[in-house]
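Following: one structure in structure tokens, then a few remarks.
The values are calculated or read from the model by the stated rules, or taken from the named source; none is laboratory data. Keep in mind that this is a model prediction, so the values were computed, not measured. Using ideal geometry, Cβ is built from the backbone for each residue, glycine included, and neighbour counts are taken over all protein chains shown. Keep in mind that these areas ignore ligands, DNA and RNA; they rest on the heavy atoms of the full protein, side chains included. Shrake-Rupley method; radii C 1.70, N 1.55, O 1.52, S 1.80 Å.
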Amino acid sequence: MSAGGRSTGSGREPRSDESDPQRTRPTGPSETGQRSGAGGSADRSPGGSVEQAKEACLRLLAVRARSRAELGQRLSAKGFATEVTEQVLDRLAEVGLVDDAEFARQWVQQRHRFSGKGRQALAQELRRKGVAREAAAAALEDVTADDETERATELVRRKLRTLPAGLDREKAIRRLVGMLARRGYGHSVAYAVVKAEWEASDAGTRIEDPGVSLD
């Protein structure tokens with residue numbers, strides 16, 4: 001205290017929050033922009049740089065082949081700018097890492113061979129993946145009518161072994177045709193294959209034998 005009893009104004013007295021610049025510093029857009037400028041606008045742009053987008057694509061492609069649309073959707077979900085995405089995808093297409101025609105061809109072959117998918121299902125899958133109609137049609141030509149019949153026959157024979165003994169013929173046929181339909185086989189193909197395999201199978205023989213009770 002001074003001789004007159006008034007405060008000397010020394011720093012020993014507590015200061016209010018309103019006078020503390022560290023506590024009340026604004027964090028508005030102007031200051032955020034200043035901090036971004038100090039660190040470089042390219043590194044802090046939404047989603048990241050072209051190099052970061054390229055690395056993200058390469059990681060995805062290391063897992064499996066993908067269509068251009070798939071990669072674009074993933075980059076967009078990560079917040080990359082449209083200009084960055086298109087630049088990266090164009091560059092990957094130039095070096096052959098993004099090729100929708102080749103992607104469609106591989107997808108059709110693998111899904112038909114290992115998953116037993118028919119042409120209708122494969123066409124829907126390629127459409128969902130953003131493959132152009134022309135590229136999809138060219139890839140689907142690799143699956144012929146004979147290919148579909150052969151693969152459908154394999155699926156039906158496998159399913160026949162698991163059907164309950166004594167299952168009604170019409171119910172069995174509906175179940176088998178439905179199984180093929182869900183895998184993308186046309187009704188005419190599915191019904192023809194099921195009818196032929198049912199009649200040739202032990203199950204068909206048992207059903208047609210009047211001496212065997214179905215109860």
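Points to keep in mind about this one:
- Within region 77-144, the proportion of Cα pairs with more than 13 Å between them is 66 percent.
- Placed amide H near Lys117: partners under 5 Å, 5+ positions off or other chain: His112
- Full-stretch length increase - Gln124, Ala69 - with 0.36 nm per residue and alpha-carbon distance subtracted: 18.3 nm
- Listed peptides 172-184, 153-165 by packing density, highest first (mean Cβ within 10 Å): 172-184, 153-165
- Using 0.36 nm per residue and subtracting the Cα-Cα separation, the extra length available between Gln106 and Glu141 on full extension is 11.4 nm.
- Nearest-0.05 FRET efficiency for Phe114 and Leu167, computed from C-beta distance (R0 22 Å): 0.20
- Efficiency of FRET from Cβ geometry, Thr153 and Asp90, R₀ 45 Å, rounded to 0.05: 0.55
- The residues of region 45-115 present an accessible area of 57 Å² per residue when probed at 1.4 Å with all protein chains retained.
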